[in-house]
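Asker: Can you read through this structure? Questions will come right after.
Bear in mind these aren't lab numbers, they're just calculated from the coordinates by the rules spelled out. Note that the structure is predicted; figures quoted are calculated from it, not measured. Here the Cβ positions follow ideal geometry from the backbone for every residue, glycine too, while neighbour counts run over all protein chains shown.
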Amino acid sequence: MRERKIATCVLCEAACGIIVEVDGLEVLSVRGDAEDPLSRGYICPKVVGMKDLRDDPDRLRRPVVKSGGTFREASWGEALALAAAGLERARSLHGRDALAVYQGNPVAHNLGLLTVGQVVLRSFRTKNLYSASTADQVPHMLAAEEMFGNPVMMPVPDLDRTRYFLVIGANPVVSNGSIMTAPDMKRRIAEIRARGGKVLVVDPRRTETADLADEHVFIRPASDPYFLLGLLHFVFADKLTTAQPMLAMSTGWSELETLAGSVSAAHMARACGVPLATIRGIAHDFARAEQAVVYGRVGICHQEHGTLASWLIYVLNAITGHLDQPGGSMFSTPAVEISKLVRLLGFVGHDRWQSRVRGLAEMAGELPVATLADEIETPGKGQVRALLTCAGNPVLSAPNGARIDRALPTLDFMVSVDGYVNETTRHADIILPPVAALERDHYDIALNAFAVRNVAKFVPAPVEREPGTLFDWEIMLELAARMRTGASPLGARLALLATSAGRKLGPRAILELGLRLGPYKLSLAKLAEHPHGLDLGPLERRLPGMLETKDRRVHLAPPSFVAEARRLLLQPERAIANNLVLIGRRHLRSNNSWLHNSASLVKGKPRCTLLMHPDDAARQGLQNGARVAIESRVGRIEAPLEVSDTIMPGVVSLPHGFGHDRARVELSVAREHAGVSVNDITDDLLLDRLSGNAAFSGVPVVVSPA
Ligand SMILES: Nc1nc2c(c(=O)[nH]1)N[C@H]1C(S)=C(S)[C@@H](COP(=O)(O)OP(=O)(O)OC[C@H]3O[C@@H](n4cnc5c(=O)[nH]c(N)nc54)[C@H](O)[C@@H]3O)O[C@H]1N2
Ligand SMILES: Nc1nc2c(c(=O)[nH]1)N[C@H]1C(S)=C(S)[C@@H](COP(=O)(O)OP(=O)(O)OC[C@H]3O[C@@H](n4cnc5c(=O)[nH]c(N)nc54)[C@H](O)[C@@H]3O)O[C@H]1N2
Ligand code: SF4
Ligand SMILES: [Mo]
């Protein structure tokens, strides 16, 4: 029987409402849901991935166990028992830090993994907890924690009311927005301009977003803190601050003013490559605009001073009267307050412990993924001997992923919770595959906290799961239940109780509790009355009430940030040698490393090309389409050259998530469009010093004919 089911696309942060047409276990089509309060019918071409991934013959439906170097199918009972025994063995022989965990990006879109999954993984109490966060947004999180008291208190642009949208290091027209859940960016950008507003993009590449903006400004990669300090300088020097209401609810204003006074604007302009007059003009336009917001995303985080850049962005919004103001930079009011949940789970905190080999600070309970290979390779007490990965592909996504690729086979034991034999999971001893996304309940517990409008939507699984498959959270729970051997008798009893409660209650019970305790006192029953989603209205002012700093004030000038800024100001400018610097890029029909096995999404021109400015190409005698070698401190790869003036001189760009032709990868479509992995040449030593985030942007490289 044909039925139309309401659902949500989980392939990116836009979280578009979709209508899935099903016939029994068969998915017939996926379309936009015009009645979704946030996406209002919008979908992007990637949405077909929701169906394609479910139907993909390469996707695992049963656990596989490695024997004699190849995988064989196994029953859940056997696979779970073997997986638990292997992980537990490492813990009992070498201590709990010998078991490392890596969680990937799709966890953020998975209700079961965000609830039951986090409780289980944190219960391992290993210091070696890693995730894609340290290749992504931890600079924003650290800035939020220092300024507002909680790492998930990251403000978002109040996009639908702003009249000045300054985008730095983000390409939302392609990425569909990040830490800014806002489906249909093209329309939203057009609407800003239609109401007389202005959109400005600061990026080393003239992006698809820049093409729709009023103005695009080239900036040298990894130099944003200079640009932002230049803005800070002019905001104070030209008396553009708006003291109320921020002054009364914050500390650090005078420290900022002193810092701004010590900045030489001319020096900043030289260091970032943006003309002085442009910086000053932006400072004036932004500060004076009635509703304005500066927004930065991964381009800001992927650099050596990512935390400084993230902090300065929040600061600029605050001191010009644009923080917590309609049309400015605001905090969502999600129906489930995740700030409370992350506090409970121990995420709030930084530098409470350090990594064993490089002494890198913990952030939100995790260590930087850039040091995962060090911890596996370096012998000694606390060495990582076993690894559990879940929804991640660090071989392609972490800096110097090639080194992780070499380190994984040296582990005693590895388990992956993933639906594919990919570049990372091929090293696992056991792969435990979860159901497809359309086969599970969904609620955006994380993304609603970063939506440009307050919404809440619960969708029961639109398609029944295939017989004999498990949800991610069930896999986690069953694994943990079988790993109790090392616990004390009391610990084992408690774990047993927790497991049987978990089995019965599942993620729905945790969600129900979160909804009832939340600001709107909702419930699943109440949400069931609004199957397309409940519109909770535009963003509302939340300061100072929501602050979690000890003194309940916004800390505008955390001492460690000011000290780091002063160090940066004293640094000599980076010598611009004959080197080029490397940045990344995203494509609308792709998603990190894992949508390349959908035939309809990979068709078209090859995408894994090296973009280079015509002047640089001419200087080196390189032709469009030529095969070139790209070399860094870490390695060498080859890719076809694409000469284009959309990229600024001195910069080259290669997307990440490719390199699918490695041995034993079972992605038959992706293999035909393999490309190379840029993370074979990004550098695991290049980090944001404060947060430990990977600095993928600005890697020095040499390009030559292959
Ligand atoms: N050079 C460079 N590197 C980068 C970036 C960059 O811009 N440049 N970007 C970084 C960023 S922002 C991120 S977020 C990371 C991403 O890094 P990762 O999260 O490590 O990598 P993904 O490619 O997203 O891999 C996702 C994996 O999850 C699996 N998966 C998908 N859905 C589910 C599910 O529901 N359950 C389970 N169990 N598994 C699932 C997929 O099969 C795939 O194996 O990459 C980072 N790496
Ligand atoms: N289609 C598609 N959508 C995606 C993804 C995908 O892979 N494909 N990935 C998802 C993920 S995991 C994330 S985190 C989000 C990311 O969302 P966005 O941050 O919007 O993603 P990007 O397109 O990588 O945009 C980063 C921009 O920063 C620029 N940039 C690079 N270095 C610098 C620098 O030093 N300074 C400045 N100012 N700019 C710089 C790049 O040229 C690029 O235009 O996208 C998500 N959505
Ligand atoms: S923008 Fe595309 S990929 Fe993202 S949620 Fe919407 S339909 Fe899915
Ligand atoms: Mo990301």
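Asker: Once you put a point 7 Å from the Cα of residue 523 and another 7 Å from the Cα of residue 122, both along the Cβ direction, what distance in nm separates them?
Answerer: For residue 523 paired with residue 122, the spin-label model returns 2.6 nm.
Asker: Taking the Cα atoms of region 485-569, what is the range of coordinates along each of the three principal axes, in descending order and whole Å?
Answerer: 55, 46, 24
Asker: If you don't mind, there's one more thing I want to ask. Between region 462-516 and region 543-557, how far is it from one alpha carbon centroid to the other, in angstrom?
Answerer: Taking the Cα centre of each part, region 462-516 and region 543-557 sit 36 Å apart.
Asker: Please work out whether region 354-496 counts as rounded, prolate or oblate from its C-alpha gyration tensor, where a ≥ b ≥ c are the square roots of the eigenvalues and a/c under 1.5 means rounded, while otherwise a/b larger than b/c means prolate and anything else oblate?
Answerer: In terms of gyration-tensor shape, prolate.
Asker: Follow-up question, since we're still on this one. Work out the FRET efficiency for residue 570 and residue 195 from their Cβ-Cβ distance, taking R0 = 41 Å, and round it to the nearest 0.05.
Answerer: 0.40
Asker: Take peptides 650-660, 8-18 and line them up by average Cβ neighbours within 10 Å, highest first, as a rough protection proxy.
Answerer: The peptides rank, most packed first, as 8-18, 650-660.
Asker: Find, among the GluC sites (Glu not before Pro) in region 457-486, those assigned to loop by DSSP (not H, G, I, E, B) with at most 14 other beta-carbon atoms within 10 angstrom.
Answerer: 464
Asker: Related question: Suppose every K and R has +1 on its Cβ and every D and E has -1 on its Cβ; what is the size of the dipole of region 201-357 about the Cα centre, in Debye to the nearest 20?
Answerer: Roughly 420 debye, rounded to the nearest 20.
Asker: Would you please give the residues with an amide H less than 5 Å from that of residue 613, counting only those at least 5 places away or on a separate chain, with H modeled from the backbone geometry?
Answerer: 644, 650, 651
Asker: Counting alpha carbon pairs within less than 8 Å and at least 6 residues apart, what relative contact order, in whole percent, applies to the chain?
Answerer: In percent, rounded to a whole number, it is 20.
Asker: With +1 on each Lys and Arg Cβ and -1 on each Asp and Glu Cβ, and nothing else charged, work out how big the dipole of the chain is about its Cα centre, in Debye to the nearest 20.
Answerer: In total the dipole reaches around 780 debye.
Asker: Divide by every residue of the chain the summed helix terms, -39500 (n - 2.57) for each DSSP H run of at least 4, and state the resulting mean residue ellipticity at 222 nm, rounded to the nearest 500 deg cm²/dmol.
Answerer: -9000 deg cm²/dmol
Asker: Among 334-343, 631-640, what's the highest-first ranking by average C-beta atoms within 10 angstrom per residue?
Answerer: In descending order of packing, they fall as 334-343, 631-640.
Asker: Could you work out the relative contact order of region 37-79? I mean the mean sequence separation of Cα pairs under 8 Å and 6+ apart, divided by the number of residues, in percent.
Answerer: 24 percent
Asker: Using alpha-carbon positions, what is the distance between the centroids of region 100-173 and region 327-369, in Å?
Answerer: 8 Å
Asker: On a 0 to 90 degree scale, rounded to 10, what angle separates helix 559-570 from the longest Cα axis of the chain?
Answerer: Approximately 60 degrees, to the nearest ten.
Asker: Run the paramagnetic zone check for residue 412: 7 angstrom along Cα to Cβ, then residues of region 79-93 with backbone nitrogen under 11 Å.
Answerer: Flagged as within label range: 86-93.
Asker: Continuing with this model, one more query. Dividing the Cα convex hull volume of the chain by residue count, how many Å³ per residue is that?
Answerer: With only Cα atoms used, the chain gives 146 Å³ per residue.
Asker: How much length is gained on full extension from residue 579 to residue 4, taking 0.36 nm per residue of separation minus their Cα-Cα distance?
Answerer: Here the answer is 201.5 nm.
Asker: Follow-up. At residue 704 and residue 288, where each label point lies 7 Å from the Cα along Cα→Cβ, what is the point-to-point distance in nanometres?
Answerer: With each label placed 7 Å out from Cα toward Cβ, I get 5.3 nm.
Asker: Related question: Say each of residue 81 and residue 270 gets a label point 7 Å from the Cα, pointing the same way as Cα to Cβ; how far apart are those two points in nm?
Answerer: The modelled label-to-label distance comes out at 7.1 nm.
Asker: What FRET efficiency, computed as 1/(1 + (r/R0)^6) with R0 = 41 Å and r the Cβ-Cβ distance, is obtained for residue 344 and residue 23, rounded to the nearest 0.05?
Answerer: Once rounded, the FRET efficiency stands at 0.45.
Asker: Moving on to the next point. Could you grab the relative contact order for region 364-448? Cα pairs under 8 Å, six or more apart, rounded to a whole percent.
Answerer: 24 percent
Asker: Need one number: % antiparallel among DSSP beta bridges in region 366-468, to the nearest 5.
Answerer: 10 percent
Asker: Let me ask another. DSSP beta bridges in the chain, what fraction antiparallel, as a percent rounded to 5?
Answerer: Rounded to the nearest five, the antiparallel share is 55 percent.
Asker: To the nearest 10 degrees, how steep is helix 472-481 against the longest Cα principal axis of the chain, on a 0 to 90 scale?
Answerer: Computed tilt is about 60 degrees.
Asker: Filter the trypsin sites (Lys or Arg not before Pro) in region 211-302 down to the DSSP loop ones having no more than 10 other Cβ atoms within 10 Å, then list what survives.
Answerer: Passing both the DSSP loop test and the Cβ count: 239.
Asker: Same structure again: Rounded to whole Å, give me the distance from the Cα center of region 678-706 to that of region 228-263.
Answerer: 33 Å
Asker: On a 0 to 90° scale, report how tilted helix 76-94 is relative to the longest principal axis of the chain, with both axes built from alpha carbons and the result rounded to the nearest 10.
Answerer: 60 degrees
Asker: Return the ratio Rg/(2.2 N^0.38 Å) for region 108-222, where Rg is computed over Cα atoms only.
Answerer: Compactness ratio reported: 1.30.
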